[in-house]
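Values quoted throughout were computed directly from the atomic coordinates according to the rules given, and no laboratory measurement underlies them. Everything quoted here is computed from the prediction, not taken from an experiment. Ideal geometry is used to build each Cβ from the backbone, glycine not excepted, and the neighbour counts take in all protein chains shown.
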Amino acid sequence: MDIRQHSSQFTVYVFTTDVDMGAPIKVALSQAGYDAFYFQDPAMLESSLTENPPHVLMFATHALYGTLTEFVELVRKINDDIRLIAIATTEQFEILAQYGSNGFSDVVIDDKNSLDQRALWSVDRVCEKLYLTYQNEQLFDDLQKAKAAEPV
């Protein structure tokens, strides 16, 4: 499946205080067709999460002002369907792996080499899974409606 044919259907937020990290990721996502937004300010991010929740939130762990747990709880409270991708150091991977059941879909190591392309690859995989999940849910709903419409 080529998710790029459907990428415009997905909204992705990128949150980091490092403009040299966030801007290239946002550009790469936009060039791939995603509806991408870059945030440096936590208050602006929270406001946007509430007003227009994205499908995917990619965030740098170094940009968090509180604990990771507080951040994840805040996002889950706003919208439990948002998929999370963390940009983190190798040392943080083991800790982040424990959050898998809390909406985490991936961890991208924050090595600057090709970070924008690795981030894009990660978003592609997450959105592909979301697209297929939505498609399966629609097929299931259609099947239930067809069964209900059958004469007994």
TODO: For every other residue with a beta carbon closer than 14 angstrom to the beta carbon of Glu46, add +1 if it is Lys or Arg and -1 if Asp or Glu, then tell me the sum.
DONE: -2
Task: Formal net charge of residues neighbouring Ala32 (Cβ-Cβ distance under 15 Å; K, R +1; D, E -1) - done: -1
Open item on the list: Can you classify the chain as rounded, prolate or oblate using the Cα gyration tensor, where a ≥ b ≥ c are the square roots of its eigenvalues, rounded means a/c under 1.5, and otherwise it's prolate if a/b beats b/c and oblate if not?
Closed with: prolate
Task: Surrounding net charge for Ala149, when Lys and Arg each add one and Asp and Glu each subtract one, Cβ distance under 15 Å - done: -1
TODO: Report the label-to-label distance for Arg4 and Arg125 in nanometres (one decimal), using points 7 Å from each Cα along the Cα→Cβ vector.
DONE: 1.8
Open item on the list: Positive end of the dipole of the chain, charges at C-beta (+1 Lys, Arg; -1 Asp, Glu), about the Cα centre: which of Ser7, Tyr38, Phe71 has its Cα farthest in that direction?
Closed with: Ser7
Task: Estimated 222 nm signal from helices in the chain, with DSSP H stretches of n ≥ 4 weighted -39500 (n - 2.57), rounded to 500 - done: -16000 deg cm²/dmol
Task: In sequence order, calculated HN-Hα J values of region 106-114 (Karplus, 6.51, -1.76, 1.60; Hz; x Gly/Pro) - done: 6, 10, 10, 5, 7, 4, 5, 5, 6
Task: Folded to 0 to 90 degrees: helix 115-149 orientation relative to the chain principal axis, Cα - done: 20
- [ ] Taking the Cα centre of region 76-122 as origin, work out the dipole magnitude from +1 charges on Lys and Arg Cβ and -1 charges on Asp and Glu Cβ, in debye rounded to 20.
- [x] 160
TODO: Please count, across the chain, the pairs of lysine residues with Cα atoms under 26 Å apart that sit 8 or more places apart or on different chains.
DONE: 5
Task: In Hz, Karplus ³J(HN,Hα) per residue of region 65-72 (6.51, -1.76, 1.60; θ = phi - 60°; x = Gly, Pro) - done: 8, x, 7, 4, 4, 4, 5, 4
TODO: Enumerate the calculated ³J(HN,Hα) couplings along region 86-98 in order (Karplus 6.51 cos²θ - 1.76 cosθ + 1.60, θ = phi - 60°), each rounded to whole Hz, writing x wherever the residue is Gly or Pro.
DONE: 9, 9, 8, 7, 4, 5, 7, 4, 4, 5, 5, 4, 6
TODO: First measure r as the distance between the Cβ atoms of Gln117 and Ala97, then evaluate 1/(1 + (r/R0)^6) with R0 = 22 Å and state the FRET efficiency to the nearest 0.05.
DONE: 0.45
